[in-house]
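Here is the structure we will look at, set down as structure tokens.
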Amino acid sequence: FERGAHGWSVYVEGVARVLEESLGPLPAVEAVVWGDVPLGSGLSSSAALEVAAGFFLLEAAGAAMPLPDLARACQAAENRFAGVQCGIMDQFASCLAKQDAAVFLDCRSLEFEYVPVVLDDFVLLVLNTNVPRTLAGSAYNDRRASCEQGVRILRQSLPHIRALRDVTLEQFRDLEHLLPPETAARCRHVVSENRRALDSVDALRKGDMAAFGELMNASHRSLRDDYEVTCRELDLLHAAACGMKGVAGERMTGAGFGGCAVALVRKDRAAAVEAGLREVYQRETGRALDVYITRAMPGVRRIEL
């Protein structure tokens, strides 16, 4: 591809150039890029492409790099070359995911641990609305700005905080009256979502999938009502799924305004739930719903063909 090209190749070029900054010139290669992660669906297709390209280039060069460092390089490539100010979560998951486990990641220190995801009688359904996420970029920037404003105001009462992750839910409830209403709603989502993340780890460790499903539902409601990044189609799926027998929980995933949702469903009800959601979605939106039955799988690795 041409230097400075636009489109998907910029992610590959960006990774190559970031790697060259630390490793020196990379060897010339011929490669085929193939993937089946739906584009623009909130399933981190850009991170998957970056990490796969970076891992391949390291292999071709006979070079080694710790996977957390590869995740950092891929994040830098997306920030600097694709112009997307993303965090590191997606790249880290693509690098370090483990089968039947969740990655419990501290995005500040990059310390992480694996938490078992023992589905047993459950499966995960990924529900693709096929709604393009046209507002996701600008909305992300707006919400980030609101959260940063909230930190500045809250710091007057809590001078030790650097980010909303440093604010407990109890502290926020005591101080949220100091914030403009919209800013308070955005910050309320982040602070409560951090608590839900910790509670989700506890539920997974205990194998309590019912509690985990309820946390998924609470997360979607917060994303809908406080963070306001859902859309009609995502909310339609959530309402429909929550009314179906065998569904423990359902929430949107990704940046919102389209893309995908994830449902935790009992295995013996998965086929009926899938059929029911397809029928409701087609009837109410005129669109087809794509459904993938999945589980937690390993991250980047070499596969011999």
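The values are calculated or read from the model by the stated rules, or taken from the named source; none is laboratory data. Remember, it's a predicted structure, so these values are computed and weren't measured experimentally. With ideal geometry, Cβ positions are generated from the backbone for all residues, glycine too; neighbour counts draw on all protein chains shown.
The residue list ARG287, ARG188, ARG278 contains one member that is farther than 25 Å from PHE112 by Cβ and without any contact (Cβ under 8 Å) to a residue 24 or more places away in the chain, which is ARG278.
Taking the listed residues ALA76, ALA102, ALA71, ALA63, the one that is under 26 Å from VAL29 (Cα atoms), hydrophobic (A, V, I, L, M, F, W, C) and within 17 Å of the chain's Cα centre (by Cα) is ALA71, with no other qualifying. In summary, ASP90 fulfils each of the numbered conditions (1) in contact with a strand residue (DSSP E or B) (Cβ under 8 Å, 6 or more places away or on another chain); (2) buried (at least 16 other Cβ atoms within 10 Å of the Cβ) with the single exception of condition (1).
Among the residues of region 83-114, those that are touching a Lys or Arg at 6+ places or on another chain (Cβ under 9 Å), closer than 28 Å to LEU237 by Cα and not acidic (Asp, Glu) comprise GLN91, GLN99.
Scanning region 41-61 for residues being in a loop (DSSP other than H, G, I, E, B) and either more than 20 Å from GLY299 (Cα to Cα) or not assigned by TED's automatic domain parsing to the domain that holds GLN75 (or both) gives a total of 0. Among the numbered conditions (1) out of contact with any helix residue (DSSP H, G or I) (no Cβ under 8 Å at 6 or more places or on another chain); (2) more than 19 Å from ASP290 (Cα to Cα), the only one that ARG269 does not meet is (2). Residues in region 185-229 that are among the aliphatic types (A, V, I, L, M), closer than 16 Å to TYR140 by Cα and assigned to a helix (DSSP H, G or I): ALA185, VAL190, LEU223.
The set of residues from region 5-47 being among the polar types (S, T, N, Q) and either under 18 Å from the mean Cα position of the chain (by Cα) or at positive phi (or both) comprises SER41, SER44, SER45, SER46. When we screen GLY62, GLY83, GLY54, GLY42 for residues that are within 30 Å of ARG251 (Cβ to Cβ) and surrounded by fewer than 19 Cβ atoms within 10 Å (Cβ to Cβ), the only hit is GLY83.
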